[in-house]
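Just below is one structure, and these are the notes that go with it.
The values are calculated or read from the model by the stated rules, or taken from the named source; none is laboratory data. Computed from a predicted model, the values in this text were never measured in an experiment. Note: ideal-geometry Cβ built from the backbone for every residue, glycine included; neighbour counts use all protein chains shown.
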Amino acid sequence: MSTFFVRILLLTALFSNFTNAQNTTLRYNLKVGDSVKIFQKANQEIVQELDGTKHELKNALETDYTLIVLQATDSLYTMQLTFNRFKLLSTSNLSGEVVNIDTNSDTPSDNIQETLFSDMIGAALKMEMYRTGKIKAVSGTEKMIANMVNNAGIQDEFTKQILVETMKKEFGNKSLASSFEQITYIYTNKKITIGDSWINKHKGKLNATNTWKLEAADEKNITLSGKSDVKMFSSDQNLTMALSGTQETNITASKTSGFAKQMTVNLTAEGVSTMEQMNDTKIPTTLTSTTTYKTHIYVQ
């Protein structure tokens, strides 16, 4: 083969690779019947300081859940979302153990919190997700929350209604949609290549402006990084918390399905907490957390 033709073949191959790199569209690629099991583990520490007293609250959370694809279009997936496990341990340096829930515990418990969350396990919800990972909607939480509260052994109707409203804030349709979007909304409709960056925004209890970057790609995996400016706001009857900070995310995802095989999220934020019972005294507050996600993907 002549040197001329060798050069032509090399140029053709290089041009082909360059074109394919420029035309990469990152997205979720799933079929009806595919399922994804997601394992989440989070460690969070909240520190508040007032008049020389430091309050340290530590939360250790573990959740497992399954997504099954029910319908798929060119732009949208409809999935069944099922919680398989919920475990939460909250401790305080001032109050000791605050919350201890494990829905997988074999030990009989009269813990009303554990009884409450046990009815979350197995509840079938519906989630609609665009191929970029942006969540369109979650539905079905009304029935789940009603079952949780009704089976918790609470007799007073007023207390039950307060509990229903509290649970809606954490596990209602909008709250769950926002929570899941934080871990799925990582892609863009733009065509990109390795080294490119793109920006998206997330709104909810945690508002984030995210800058994502495609770090690397091979035949099986893609590697992405994310840096975010975040603002957090939460409020209940007694406490309001307003924090801002930064978040860093590292993802190794399946090139075939688009789902993260492993994701690590580190968050640092600071601001103030305001307590009504303390005449709205502003308490300096910091929050740090590390959350990891691992998935198993089962395709049809």
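Filtered by the rule that a residue be under 26 Å from Ala60 (Cβ atoms) and surrounded by 14 or more Cβ atoms within 10 Å (Cβ to Cβ), region 114-134 gives Glu114, Thr115, Leu116, Phe117, Ser118, Asp119, Met120, Ile121, Ala123, Leu125, Met127.
Given the criteria assigned to a loop (DSSP other than H, G, I, E, B), among the charged types (D, E, K, R) and out of contact with any helix residue (DSSP H, G or I) (no Cβ under 7 Å at 6 or more places or on another chain), does Asp64 qualify? Here the answer is no, as Asp64 does not meet what is asked. Being under 30 Å from Thr25 (Cβ atoms) and either of a type in the set (D, E, K, R) or in contact (Cβ under 8 Å) with a residue 40 or more places away in the chain (or both) is not true of Met120. Residue check: Ser105 meets all listed conditions (1) within 19 Å of Gln40 (Cα to Cα); (2) modelled with pLDDT under 95; (3) outside any strand (DSSP E or B); (4) under 21 Å from the mean Cα position of the chain (by Cα) but one, namely (4).
Condition check ((1) under 30 Å from Lys191 (Cβ atoms); (2) at pLDDT below 90; (3) in a strand (DSSP E or B)) across all residues:
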{"site": "Gln71", "(1), (2), (3)": "yes, no, yes"}
{"site": "Asp74", "(1), (2), (3)": "yes, no, no"}
{"site": "Asn84", "(1), (2), (3)": "no, no, yes"}
{"site": "Met127", "(1), (2), (3)": "yes, no, yes"}
{"site": "Ala137", "(1), (2), (3)": "yes, no, yes"}
{"site": "Glu142", "(1), (2), (3)": "no, no, no"}
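When region 158-197 is limited to residues that are hydrophobic (A, V, I, L, M, F, W, C) and in a loop (DSSP other than H, G, I, E, B), the one that is farthest from the chain's Cα centre (by Cα) turns out to be Ile194.
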